[in-house]
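Comments concern the structure below.
The values are calculated or read from the model by the stated rules, or taken from the named source; none is laboratory data. Bear in mind that the values here come from a model prediction, so they are computed numbers and not experimental data. Here Cβ is always computed from backbone atoms with ideal geometry, including for glycine, and neighbour counts include all displayed protein chains. With ligands, DNA and RNA removed, areas are computed over all heavy atoms of the protein, side chains included. Shrake-Rupley method; radii C 1.70, N 1.55, O 1.52, S 1.80 Å.
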Amino acid sequence: MTAAALTLFVLTALAPVAWLVADRTARDRHLFGLLPSTVASLLRAVGLVVLAGLASATAIVATAAGPATGFWAHAAPVIAAAAAVTGGGPIVRAVLALGGVRPAPAADDSADEDEDPESTTEVGPLRGGRVIGYLERLAVVSTLMAGWPEGLAIILAVKGLARYPELRAPQASEQFIMGTFVSVLWAIGMAGVEHLLTN
């Protein structure tokens, strides 16, 4: 049972990489005769369900399994950190898209004639969120696995203070709140799965 939980946990850490590759490919090409934005939206929805399902299945199997021992007891925190960092980004982007925030176009992109003309969503005002998200999730999962939950307050305070000047832009506070909540909750979930596997 423990081996199955660890296998699911590794898949939870690796699945987001495949999701990101598929999402990037869908945005660059017409697939199945659909607009790239339509295919990307479908991939985000499917990816969100698959990744949440993998994480849930891992937690359920880990609950029924005994604690990992030996090498795997030491590998579980590393897998948890990897799953927190890799999985949080695609989930945050999917939730932001569901919330009406679409990704900013790349600097070298001109207006895309294939983009959905019915789209009424705004491009998010906050920049640099991907790297900040990686660091935030790594810090959150690390403080929880170290047994220092008070560290969450420090992490969120630093992030809020650093972003404070940007939060006055239109829709910035909504994007900040949605992204931060989803990112932190994902990292907390991965720390919880690690706890189930090692205790």
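Summary table below
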{"quantity": "Residues that are of a type in the set (A, V, I, L, M, F, W, C), open to solvent by less than 30 Å² (accessible area, probe 1.4 Å) and modelled with pLDDT under 90, drawn from region 21-67", "calculated": "ALA26, VAL39, ALA40, ALA65"}
{"quantity": "Single unsatisfied condition, LEU96 versus (1) surrounded by 18 or more Cβ atoms within 10 Å (Cβ to Cβ); (2) farther than 30 Å from ALA26 by Cβ", "calculated": "(2)"}
{"quantity": "Odd one out for GLY70, checked against (1) at pLDDT below 90; (2) among the small types (Gly, Ala, Ser); (3) open to solvent by 20 Å² or more (accessible area, probe 1.4 Å)", "calculated": "(1)"}
{"quantity": "Long-range neighbours under 9 Å by Cβ, at least six apart or interchain, first residue in contact (Cβ under 8 Å) with a residue 40 or more places away in the chain and more than 24 Å from TYR134 (Cα to Cα) within region 65-92, second of a type in the set (S, T, N, Q) and open to solvent by 40 Å² or more (accessible area, probe 1.4 Å)", "calculated": "PRO67/ASN199"}
{"quantity": "Members of region 1-20 found to be under 20 Å from the mean Cα position of the chain (by Cα), open to solvent by 50 Å² or more (accessible area, probe 1.4 Å) and not β-branched (Val, Ile, Thr), listed by number", "calculated": "LEU11, LEU14, ALA18, LEU20"}
{"quantity": "Yes/no for VAL131 being within 21 Å of LEU20 (Cβ to Cβ), exposed (fewer than 15 other Cβ atoms within 10 Å of the Cβ) and modelled with pLDDT under 80", "calculated": "no"}
